Amino acid sequence: MLAASASLLNVKVVILDVGDHAPAKQIVAPLGPELAHVDGSFADPEKIRELASKVDVLTVEIEHVDATTLEEVRAASQGKQLAVHPSPSTIQIIQDKYRQKQHLASHGLPVSDFVAVESSIESISSVAEKLGLPLMLKSRTMAYDGRGNFVLRDIQQAQQAIDFLGNRPLYAEKWVPFSKEVAVMVVRSANGEVQSYPVVETVHKNNICHLVFAPLRSRDASLSQRARSIAENAIKTFSGAGVFGVEMFLMEDDSIFINEIAPRPHNSGHYTIEACETSQYENHLRAILSLPLGSTALKVPSSVMLNLIGYSSSMDEITKTANVALSIPGASIHLYGKSECRKGRKMGHITIVAESDLQLRTRLRPLLQSLPGSTP
Ligand code: ATP
Ligand code: MG
Ligand code: MG
């Protein structure tokens, strides 16, 4: 989606990912032998150096990259002025969720209680005593779609949690009994100007983002403004340019905690492609290229994004829902061209825009009914 946006601005893109048919490589043709796409992992220092040698501006769409090498190539390029966005130090802080929480807390931003924990029954027991049960145990690194999380409901499960989370460094969070999950995309220019998108409500299923409603509807008119200010203030504390996704918990009393931050275009911002004046992707490009930022305003009254999550190794279920979307007014289908479908893998998404919330719900219903396991 970033590559598609870049092509509309005549921005030439070189992609580092595994394989010749990686999704983004299907969007932009290679720019000749000198500027061919790179085949390899974004965690491989050699491949990052190869990519850096081909570009003026380097950006990432995932935080689990080798940030040390990114800093090395940035520092080594002083003469040539390679820009790396967001800055490697920002990625380094964010990719370790415990460091990220410490960073946010030290800047006075609202986060729930969290503590370091060792992978031992004694350490987990003592933390459970301190923070109570249920307790959220999280892997500090390499987490996504809840795959680094374990909900400890009973202290007897401590060994099971250690086995599940493996040898990864851990920390623990106090359980947050949120009433809703919300998110705000924030775009930050290289000189530190920030602009936020509208607040959205995110609905998760099995720890994976399932639906995103934009904008958030709430009884308290000041809530959205508060959530946007918290998100903007959080992003002001980091360096480098680009869009950031700020995931938050909304409590019954309308107080807000930050859950976590993604230093990149984010699933909760996919709706911006059809529903906002400038998409998160175009604004990411504008930010990292030092162009004026575009308006983040909604241009439709109501929108929703449905993630298309693999149900098995077959694409049949995804195709079925996409086929239903073909007959729904206001629906836009995005299939990512991933080589294999797997259970729990994000294979695409559908955004619906509408003139009202009622119309949106009416348009969404047949899509939800087409999902595996739904009762018509
Ligand atoms: P992502 O794909 O968003 O990067 P992740 O693997 O980094 O996911 P988190 O965002 O930390 O995981 O957690 C996934 C989900 O688990 C959250 O969206 C929320 O529903 C729930 N969750 C996380 N932390 C807590 C908590 N402290 N208390 C209650 N629920 C939580
Ligand atoms: Mg995460
Ligand atoms: Mg998350």
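The values are calculated or read from the model by the stated rules, or taken from the named source; none is laboratory data. Remember, it's a predicted structure, so these values are computed and weren't measured experimentally. Counting neighbours? That spans all protein chains shown, and the Cβs are built from the backbone with ideal geometry, glycine included. Ligands, DNA and RNA are excluded from the accessible area calculation, which covers all protein heavy atoms including side chains. Shrake-Rupley method; radii C 1.70, N 1.55, O 1.52, S 1.80 Å.
Please specify each residue of region 139-196 satisfying the condition of being of a type outside the set (Val, Ile, Thr) and in a helix (DSSP H, G or I).
Listed by number, the residues that qualify are Gln156, Gln157, Ala158, Gln159, Gln160, Ala161, Asp163, Phe164, Leu165.
Every test in (1) open to solvent by 10 Å² or more (accessible area, probe 1.4 Å); (2) in a loop (DSSP other than H, G, I, E, B); (3) modelled with pLDDT of 95 or more; (4) away from ligand 1 (no atom under 16 Å from the Cβ) is passed by Asn233 save one, and that test is (2).
So if I check each of Arg264, Arg363, Arg286, which one is over 20 Å from Cys209 (Cβ atoms), among the charged types (D, E, K, R) and buried (at least 17 other Cβ atoms within 10 Å of the Cβ)?
On the way: Arg264 fails: over 20 Å from Cys209 (Cβ atoms); Arg363 fails: over 20 Å from Cys209 (Cβ atoms).
Result: Arg286 is the single residue among Arg264, Arg363, Arg286 that is over 20 Å from Cys209 (Cβ atoms), among the charged types (D, E, K, R) and buried (at least 17 other Cβ atoms within 10 Å of the Cβ).
Looking across region 236-261 at every residue that is under 19 Å from Arg188 (Cβ atoms) and away from ligand 3 (no atom under 16 Å from the Cβ), the one that is most open to solvent (accessible area, probe 1.4 Å) is identified as Lys236. Of everything listed in (1) open to solvent by 20 Å² or more (accessible area, probe 1.4 Å); (2) away from ligand 2 (no atom under 16 Å from the Cβ); (3) touching a residue at least 40 places away in the same chain (Cβ under 8 Å); (4) not basic (Lys, Arg), the single unmet condition for Ala75 is (3).
Is there a residue in region 218-227 that is within 16 Å of ligand 2 (Cβ to nearest atom) and either open to solvent by less than 30 Å² (accessible area, probe 1.4 Å) or among the hydrophobic types (A, V, I, L, M, F, W, C) (or both)?
Of the residues in region 218-227, the ones within 16 Å of ligand 2 (Cβ to nearest atom) are none.
Scanning region 218-227 turns up no residue that is within 16 Å of ligand 2 (Cβ to nearest atom) and either open to solvent by less than 30 Å² (accessible area, probe 1.4 Å) or among the hydrophobic types (A, V, I, L, M, F, W, C) (or both).
Scanning for something surrounded by 20 or more Cβ atoms within 10 Å (Cβ to Cβ), within 16 Å of ligand 2 (Cβ to nearest atom) and of a type in the set (A, V, I, L, M, F, W, C), does region 83-92 turn up at least one residue? Walk me through how you get there before you give the answer.
So in region 83-92, the residues surrounded by 20 or more Cβ atoms within 10 Å (Cβ to Cβ) come out as 84-88, 90-91.
Filter again for within 16 Å of ligand 2 (Cβ to nearest atom), leaving 86, 90-91.
Checking which are of a type in the set (A, V, I, L, M, F, W, C) leaves us with 91.
Within region 83-92, one or more residues are surrounded by 20 or more Cβ atoms within 10 Å (Cβ to Cβ), within 16 Å of ligand 2 (Cβ to nearest atom) and of a type in the set (A, V, I, L, M, F, W, C).
Of the residues examined, Lys25 is one that is surrounded by 19 or more Cβ atoms within 10 Å (Cβ to Cβ) and without any contact (Cβ under 8 Å) to a residue 24 or more places away in the chain. Taking the numbered list (1) within 26 Å of Trp175 (Cα to Cα); (2) over 18 Å from the mean Cα position of the chain (by Cα) in turn, Ile258 passes all entries but (2).
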